[in-house]
Amino acid sequence: MTGTLDIGWIGIDGPAPHQAHGEKAYLLAKAAAAGLDVPPAFVLPADWGGDVGPALAKLEAAAGAKLGDPERPLLLAVRPAAEMAAGGVAPAILNIGVTTQTLPALRACLGERVAQDLWRRLIHSYGAGALSVEGEEFEYALHDTLRVAGATSEAALSATCLADLAQASLALIDDAGEAFPDDPRAQLDGALAALPQAWGSRRAKLRRQAMGADEDAPMVLIVQAMALGLGPTPSGAGVADLREEASGAPCLTGRYLDQAQGEDALMGLRTPMVLLAEERAARGLHVPALEDVAPAVVPALREAGEVLEAAIGDGVSLEFTIEAGRLWVLEVKRAKRSARAAVQIAVDLASRGVIKPEEALMRIDPGHLEEQLHPAIDPVARRTVLGQGLPASPGGASGRLVFSPDAAEVAAARGEQTILALIETSPEDIRGMHAAAGVLTVRGGMTSHAAVVARGLGKPCVVGARDLILSRKEGALRTADGRALTEGTVVTVDGTVGQLLDGTMPMIQPETSGAFATLMTWADEARCLGVRVNADTGLDATTAESFGAEGIGLCRTEHMFFQRGRITAMREMIMAEDTESRKAALATLLPMQRGDFVELFQSMPGRPVTVRLLDPPLHEFLPHSEAELGDMAASLGVPVAKVAQRAAELAEFNPMLGKRGCRIGIAYPEIYEMQARAIFEAAIEAGRITGSPVRPEIMIPLVSAVREIEVLRTHIDRIAAIVRELQGEMVDYTVGVMIETPRACLRAGDMAHICGFLSFGTNDLTQMLYGLSRDDAGRFMPDYVAQNVFAHDPFHSLDVEGVGEMIEVAIERAKARAPGISLGLCGEHGGDPASVDFCERAGLDYVSCSPYRVPVARLAAAQAAIRSRSAD
């Protein structure tokens with residue numbers, strides 16, 4: 001025989017199941033090897049063929065019984081070893097070996113009723129699994145028997161009723177044109193032939209495909225001695241979870257059904273017991289508990305869980321059978337777990353020495369860490385989905401729908417939670433995003449303004465909800481099924497999966513102490529890459545420091561100008577007709593900006609703080625609608641026509657490639673001079689307050705030519721000298737550039753020669769290399785990813801082949817001219833695990849990301865370093 005040469009043995013001397021046999025067989029063999037009671041078995045590989053007689057003989061010897069023996073009959077189960085048994089298409093076949101010849105011995109050993117129950121169970125199991133009889137036919141026969149007998153469950157049926165049910169079931173098989181084998185070896189051979197055939201059926205393949213499994217996955221079979229679960233009390237079957245799914249804490253919960261086999265406890269045919277009396281009390285149930293009827297089994301289950309965790313190195317759940325008080329382990333699974341539970345389990349195991357801390361780090365998906373920093377919707381709660389978009393910022397929040405930033409602010413002043421829904425957001429909407437509990441936009445992608453700002457604020461956000469229609473005129477958000485959600489409707493945003501839900505949802509609060517903190521400590525010990533934060537306020541910075549940020553890698557100064565009381569001064573500066581008028585307006589902004597920087601520097605004493613000078617085009621600070629233009633004109637005391645004219649002058653066909661970044665500083669040097677002065681004066685003041693030196697890093701954005709740096713650095717150095725003369729103190733500062741254009745990458749060597757640092761702004765760099773608008777790409781990106789045009793959204797995870805190669809070119813050229821130059825990445829990719837892995841391999845010094853992604857980057861950096869060391 002061909003395949004049987006690769007047989008795996010469970011609880012029998014010989015080679016244990018390996019990877020080709022599947023995890024189900026592998027874990028069961030681990031349980032047997034750890035000394036737990038596991039019925040002996042052999043595992044047939046997918047390509048087995050020929051006679052299983054020799055393997056059966058070895059199993060019979062291990063079990064001390066023989067298949068078909070009229071005095072001591074061995075009963076067998078044949079189970080699919082695949083992890084997903086096709087939704088019941090290829091179910092296990094139990095009690096193989098019950099025949100008219102073995103029934104007398106079973107009666108003598110177990111009693112008439114149990115013998116008849118085993119007989120009818122085999123007929124049902126074999127008829128549905130190996131013959132062409134629908135399982136429902138046997139269910140109808142059972143229900144008829146229960147009705148006639150006046151019984152509420154099969155456990156209440158007498159031996160006579162069970163014998164009659166067996167005969168009625170055999171008649172169903174005859175009616176189907178099939179023949180039930182009364183020979184035990186024929187039963188075994190029939191099961192071994194039928195299950196692979198059912199597994200390979202079109203129906204089974206479609207079910208596997210629907211479940212996300214490989215439709216062509218091979219079938220592996222486990223042939224195992226039966227643990228009956230029927231007979232002298234206590235006997236039965238159940239399932240036990242040894243870890244809480246939500247928290248990962250050790251526990252013992254599950255279900256148990258007396259006088260049952262297989263998955264009876266989960267089938268709903270009878271009300272099962274809980275395992276512990278405390279669970280019964282906590283849930284207000286009125287059912288018995290396993291510890292009431294079999295108190296010795298409960299500590300045995302706990303001990304089995306501890307043994308299995310040590311043997312497997314993971315949290316587990318198990319399927320078990322009790323046979324006359326003896327606990328048998330029939331199946332072992334890795335415990336189901338939430339993101340939070342995965343951390344708890346990994347840290348618990350590493351703390352006990354079962355696995356190493358490095359292995360614990362590698363087991364956690366960094367992307368899931370962010371979920372633990374926000375309130376999350378209870379995973380077991382029922383949800384009514386109103387709309388689907390992109391999961392731009394994780395977490396959940398409930399509140400009343402509002403359609404304007406003003407409405408969000410008014411509601412926040414009343415202490416009410418809101419969900420701010422807009423077509424898309426712009427910088428002037430930031431105040432409303434601050435006030436709202438969650439954000440929803442109909443348009444936008446993963447790096448749209450709403451997504452970036454919401455992640456920075458730690459607000460749950462869904463963007464690009466294309467199946468929703470927002471009408472400001474109608475004052476409603478309309479769903480795909482025509483439902484109109486008006487302002488005030490209570491909804492929930494789930495930014496983790498990208499859904500808008502109906503009503504208020506129950507939440508699980510964040511937890512960053514305990515196992516989470518321990519994991520982060522291990523991550524910091526393992527990583528090489530620094531992790532900074534993108535922060536624009538002291539609150540952002542303080543939040544990020546609590547998450548382990550080592551400094552600020554990007555402060556976007558433009559966000560400071562959109563606050564109330566500042567936007568007017570900013571607009572006065574924009575409306576100025578000459579340099580002196582601009583300087584007068586900037587003088588009003590100077591103390592405001594200086595105060596912001598003092599707060600920022602104080603929040604990061606002794607740590608690097610990178611401040612990016614003004615980047616967006618000036619038109620973004622102007623209103624758009626006629627009504628808003630009128631309000632601006634009134635606040636400035638100028639004609640509306642003048643405001644409209646200035647807005648028209650600043651309008652550009654392609655503003656992202658227009659007069660922005662360093663080009664503003666070249667055209668209006670007084671703007672950057674004001675910001676530089678605010679930075680230097682704030683550094684001196686913050687240093688005096690904290691007693692720690694402040695060394696600001698001033699970053700010039702959107703540089704393409706060395707001469708741009710030279711011109712702007714001259715202005716910066718001049719302001720530094722003026723501040724020194726006025727304050728009598730010199731600030732130790734560094735000037736660097738944000739590498740966002742392809743030309744800057746190619747000229748990185750020349751730039752490194754005159755800069756203290758280079759920081760890659762991968763959002764714009766990706767946009768320019770691809771020729772994509774990051775704000776509009778969300779409209780077609782799902783189609784591109786679905787058709788594998790792009791493997792992933794390049795704005796979400798760094799394009800290593802294109803953008804990555806450009807960065808590597810820049811790094812090589814920069815280090816050739818300035819070997820010690822500091823190199824970082826401050827785009828949104830800084831919080832993406834795959835992108836962080838690239839940064840480690842490329843040789844960057846640090847990444848910078850939004851506050852709530854700092855733990856993600858720390859863990860991703862640790863995993864990247866571990867992989868790098870393993871490869872060496």
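Table for the structure above
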quantity	calculated
Positive-end residue, segment 131-234 charge dipole about Cα centroid, Cβ charges, pick of S158, A186, L221	L221
Lysines with Cα under 22 Å of K642, excluding same-chain neighbours fewer than 8 positions away	K583, K659
Three-way shape call for segment 96-150 based on the alpha-carbon gyration tensor, with the a/c threshold at 1.5	oblate
Ranking by accessible area, most exposed first, for R255, R207 with a 1.4 Å probe	R207, R255
Heavy-atom accessible surface of segment 50-175: percent carbon and sulfur, 1.4 Å	53 percent
Kirkwood-based shape ratio for segment 791-856, expressed as Rg/Rh from alpha carbons	0.98
Distance histogram for segment 612-679 (every C-alpha pair counted, 10 angstrom bins, percent rounded to whole numbers)	20, 41, 34, 6
Base-10 log of normalised Debye intensity for segment 571-622 (one unit scatterer per alpha-carbon) at q = 0.15, 0.32 Å⁻¹	-0.56, -1.19
Overall Cα dimensions of segment 27-66 - principal axes, largest extent first, Å	32, 26, 9
Rounded, prolate or oblate (a/c below 1.5 giving rounded, otherwise prolate when a/b exceeds b/c) for segment 447-586 by Cα gyration tensor	oblate
Angle between the chain longest axis and helix 579-603 axis [Cα atoms, degrees, rounded to 10]	40 degrees
Mean separation of Cα contacts under 8 Å (6+ apart) over length of segment 313-471, as relative contact order %	18 percent
Within the accessible area of segment 724-815 (1.4 Å probe), percent carbon and sulfur	45 percent
H624, H286, H559, ranked by accessible area, largest first (probe 1.4 Å)	H286, H624, H559
Point-charge dipole on Cβ atoms (K/R +1, D/E -1) for the chain, about Cα centre, debye to 20	1320 debye
Hz values of 3J(HN,Hα) by residue in segment 800-805 - Karplus curve (6.51, -1.76, 1.60), Gly and Pro given as x	5, 5, x, 4, x, 5
For segment 654-733, convex hull of alpha carbons as volume per residue, Å³	90 Å³
Ellipticity estimate at 222 nm from DSSP helix runs (n ≥ 4, -39,500 (n - 2.57)) divided over the chain, nearest 500	-13000 deg cm²/dmol
For segment 750-770 versus segment 664-729, the gap between their alpha-carbon centres in whole angstrom	20 Å
Positive minus negative residues near G488 (Lys, Arg vs Asp, Glu; Cβ under 13 Å)	0
Of all accessible heavy-atom area on segment 338-391, the percent that carbon and sulfur account for (1.4 Å)	51 percent
Assigned charges on the beta-carbon of Lys, Arg, Asp, Glu; segment 98-249 dipole about Cα centre (debye)	260 debye
Part-to-part distance (alpha-carbon centres) for segment 638-660 and segment 800-820, which is given in Å	37 Å
Accessible area of the chain divided out per residue, in Å², using a probe of 1.4 angstrom	40 Å²
Contact order normalised by residue count of segment 496-626, Cα under 8 Å, 6+ apart, percent	28 percent
Whole-number percent relative contact order across segment 751-872, with pairs defined as alpha carbons under 8 Å at least 6 apart	28 percent
Size-normalised alpha-carbon gyration radius of segment 367-502, reference 2.2 N^0.38 Å	0.93
Total charge dipole magnitude, segment 92-137, about the Cα centre, Cβ charges on Lys, Arg, Asp, Glu only, Debye to nearest 20	260 debye
Equivalent ellipsoid dimensions for segment 351-407 as semi-axes, Å, which come from the Cα gyration tensor, largest first	35, 14, 11
Rounded Å value of the spacing that divides the Cα centres of segment 215-237 and segment 413-454	54 Å
Radius 11 Å from Cβ of R121, net charge of other residues (Lys, Arg +1; Asp, Glu -1)	-2
Rg [Å, one decimal], Dmax [Å, integer] - segment 150-270, C-alpha atoms	18.8, 53
Cα convex hull of segment 9-148, projected area averaged across orientations, nm²	10.2 nm²
Relative pair counts by distance (%), Cα atoms of the chain, 20 Å bins	13, 36, 27, 17, 6, 0
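The values are calculated or read from the model by the stated rules, or taken from the named source; none is laboratory data. Keep in mind that what you see is a predicted model, and the values were worked out from it rather than measured. Glycine also receives a Cβ, built like all others from the backbone with ideal geometry; neighbour counts cover every protein chain displayed. Note: accessible area is taken over every heavy atom of the protein model, side chains too, but ligands, DNA and RNA are not part of it. Shrake-Rupley method; radii C 1.70, N 1.55, O 1.52, S 1.80 Å.
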